[in-house]
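In what follows, a single structure is set out as structure tokens and then discussed.
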Amino acid sequence: MRSIDDFTRPLENISPMDDPLGLIVRDWAEKYVIPHRRKFDEDYVDHKFIEPAFDKLMGEMGMQRVLFPENMGGWGFGRSDHVGTSMYRIMEEVARADSGMAVAYGVVYWPLLMIAVEPHVNYELCKEFAPIFCDTEEARFAANAMTEPQGGSDIENMEILGGSTIQTTAVLDGDEWVINGHKLWPTNSGGVCNLFGVVCTTNPGSRDPDDFAFIFVPADTPGCTQGPPYQKAGMAADKNGDIWFENVRVPKSYRAHGPGLDAMYFKEMVSLGNMASTAFVGGVLLNVWERLYEFVSEETYKGQPLKEHDAVAGLLADIARDAEVVRIVGYQNARMMDRPDIYGARWSDEQVAKARLYKYWSADVGMETLGKAMNLMSVYGADRDWDIEKHWRDLKIVQLWLGGKQLGQAEVARWFWDLETV
Ligand SMILES: Cc1cc2nc3c(=O)[nH]c(=O)nc-3n(C[C@H](O)[C@H](O)[C@H](O)COP(=O)(O)OP(=O)(O)OC[C@H]3O[C@@H](n4cnc5c(N)ncnc54)[C@H](O)[C@@H]3O)c2cc1C
């Protein structure tokens, strides 16, 4: 009998840790997530069922520590040349169980990529923030506070808009930054965040990359408040809400790198965020394949298992094809992140455009696949007991974030077709 491990990975190219880590996370997902995930939707405020699973994975098993240097209690992944492929596998395994959990867990790394990954480790800030994540057995969350009420996509659209629409301001007053602004939607806001990475401008309206600032703000800093979580179509494990920064003061050293460099490495966050999103699609598709395998083997039509009918077999072939190709493409993207010496810097416009391409393509494929699976399952496709409708609601959200499909298309067209204005 086939299993999800029959879907192809580039075995000659992946981390030696791929299976050891992947199987540990799979075991966690089987015990702590899959048996409970149907209760997650109603748990979006309290996280009564969700929190114990996070505590286990991130706190007890230590998976929130991986990026930090070993001498600070971390696992040293920030200097691994397999950081992309290792992350890809972990994200895929978590998303197979629950892609909302995968994004909440993945975004713990997101702002930390700025300071904990070679070739731009900021050891002073790593030392400052490592205890939040490394000195505890409980889950701790970070957030990338980027999106604002007037728009998220324009802030990510660095090449054309250069940060000129950012309204959250950072003003240097002696040895402190004073931050004012309103963010919304960041993953791990909605009350759970411990550490924000805040996208700010030091000169509103400016397109100069020197004026783009990425500043860390511990969530308990006076003047920083989080609203309650929004209720979304799915992904209840990821809390999203409003954050207000009112005369929030942090030390000058909490800026990630400084003029020019913050803007440059922020683009790396965009490419890695898109790569992780492809992993979420890949993980969901593996679970869709598993659940559907059960369904089409058990259900019968004209006395034969559903899968033994020509029309059904054609659709099943397409679904397996799409899960297989998304996995190959996703791992290829992860490998590109691991080998900047061959593929260019992770913050290059090329890597950003290509990661966006894989993300929006895989999200489209994932949505089509879920539609086909639901058609095959008929009413059971909408039945919570089969989990397919959950993945359908969750995956739609993957399609919408990071500027949505349109920004993805704009950045891909710009790079491949040398556009100058879009
Ligand atoms: C579950 C979830 C998690 C999220 N996590 C985070 C997070 O961690 N941090 C964070 O800061 N935000 C986060 N977001 C917010 C998300 O990234 C933004 O909602 C998204 O980037 C779009 O921004 P917007 O909603 O402000 O839409 P807008 O930017 O206002 O865009 C509106 C529409 O215009 C389209 N558009 C934008 N630019 C162009 C263009 N150049 N050409 C053509 N069309 C364009 C967009 O695709 C969209 O359809 C999250 C959202 C969700 C749902």
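Just so you know, all these numbers are worked out from the coordinates, no wet-lab data involved. These figures come from a predicted structure and were not determined experimentally. Note: ideal-geometry Cβ built from the backbone for every residue, glycine included; neighbour counts use all protein chains shown.
Out of the residues in the range 263-272 that are crowded, with 19+ Cβ neighbours inside 10 Å and in contact with a Pro (Cβ under 8 Å, 6 or more places away or on another chain), state the one that is nearest to Leu357 (Cα to Cα). Here the residue is Met269. Taking the condition within 12 Å of the ligand (Cβ to nearest atom) and closer than 30 Å to Ala53 by Cβ, does Met146 pass? Yes: the conditions hold for Met146.
When the range 215-239 is filtered for residues that are touching a Lys or Arg at 6+ places or on another chain (Cβ under 7 Å) and assigned to a strand (DSSP E or B), only Ile215 remains. Screening Met87, Met114, Met91 for residues that are under 23 Å from Ala363 (Cβ atoms), assigned to a helix (DSSP H, G or I) and touching a helix residue (DSSP H, G or I) at 6+ places or on another chain (Cβ under 6 Å) leaves exactly one candidate, Met91. Within the range 240-262, the residues that satisfy the criterion of being within 18 Å of Gly162 (Cβ to Cβ) and in a helix (DSSP H, G or I) are Leu261, Asp262. Of the set (1) within 9 Å of the ligand (Cβ to nearest atom); (2) in contact with a strand residue (DSSP E or B) (Cβ under 7 Å, 6 or more places away or on another chain), all apply to Gly151 but (2). In summary, Val178 fulfils each of the numbered conditions (1) part of a strand (DSSP E or B); (2) away from the ligand (no atom under 12 Å from the Cβ); (3) within 17 Å of the chain's Cα centre (by Cα) with the single exception of condition (3). Regarding the range 180-201, can at least one residue be identified that is surrounded by fewer than 24 Cβ atoms within 10 Å (Cβ to Cβ) and within 27 Å of Thr421 (Cβ to Cβ)? Within the range 180-201 (the criterion being surrounded by fewer than 24 Cβ atoms within 10 Å (Cβ to Cβ) and within 27 Å of Thr421 (Cβ to Cβ)), the answer is yes, since at least one residue qualifies. Would you check which residues across the range 35-80 are touching an Asp or Glu at 6+ places or on another chain (Cβ under 8 Å) and in a loop (DSSP other than H, G, I, E, B) and list them? Within the range 35-80, Phe40, Phe49, Gly73, Gly76 meet the criteria.
Conditions (1) in contact with a His (Cβ under 8 Å, 6 or more places away or on another chain); (2) part of a helix (DSSP H, G or I); (3) more than 10 Å from the ligand (Cβ to nearest atom), marked per residue:
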site: Asn375; (1), (2), (3): no, yes, yes
site: Tyr380; (1), (2), (3): no, yes, yes
site: Asp385; (1), (2), (3): no, yes, yes
site: Leu402; (1), (2), (3): no, no, no
site: Arg414; (1), (2), (3): no, yes, no
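Pairing residues of the range 140-157 that are in a loop (DSSP other than H, G, I, E, B) with residues that are aromatic (Phe, Trp, Tyr) and within 6 Å of the ligand (Cβ to nearest atom), at Cβ distances under 8 Å and at least 6 apart in sequence or on separate chains, gives Thr147/Trp185; Gly152/Trp185.
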